[in-house]
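What follows draws every value from the coordinates through simple rules; no lab data is involved. Because the structure is predicted, anything quoted here is derived from the model rather than measured. Quick reminder, even Gly has a Cβ in these numbers, built from the backbone with ideal geometry, and neighbours come from all protein chains shown.
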Amino acid sequence: MCDLHKIDAEIASVMEAIITSDDDLNLFRDRYLSKNGILPDIYRSIEKTKGQVSNFYLTKMIELRRCVDEKIKSYQLFNN
């Protein structure tokens, strides 16, 4: 189960990540998007919360997903 209080730290980690190769990109994708990755883990944790807290963390998870998508897209733009 994910510690939902650490989502902001994951967002900062994504923002600071440097992807320099296709191998780095694959590792990054696996870390965040794979079945056992951080984003699915966060989602499973949010499912167990209720009310306003759930909405708050869901918004944070969406922000993290946006950052992950932007990082992947920026690598692909500059390396294709």
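Once the Cβ-Cβ distance between T20 and Q52 is put in as r, and R0 is 30 Å, what FRET efficiency do you end up with, to the nearest 0.05?
Step by step, r from the Cβ atoms, then E = 0.15.
Using Cβ point charges alone (K and R +1, D and E -1), the dipole size of the chain about the Cα centre works out to roughly 380 debye.
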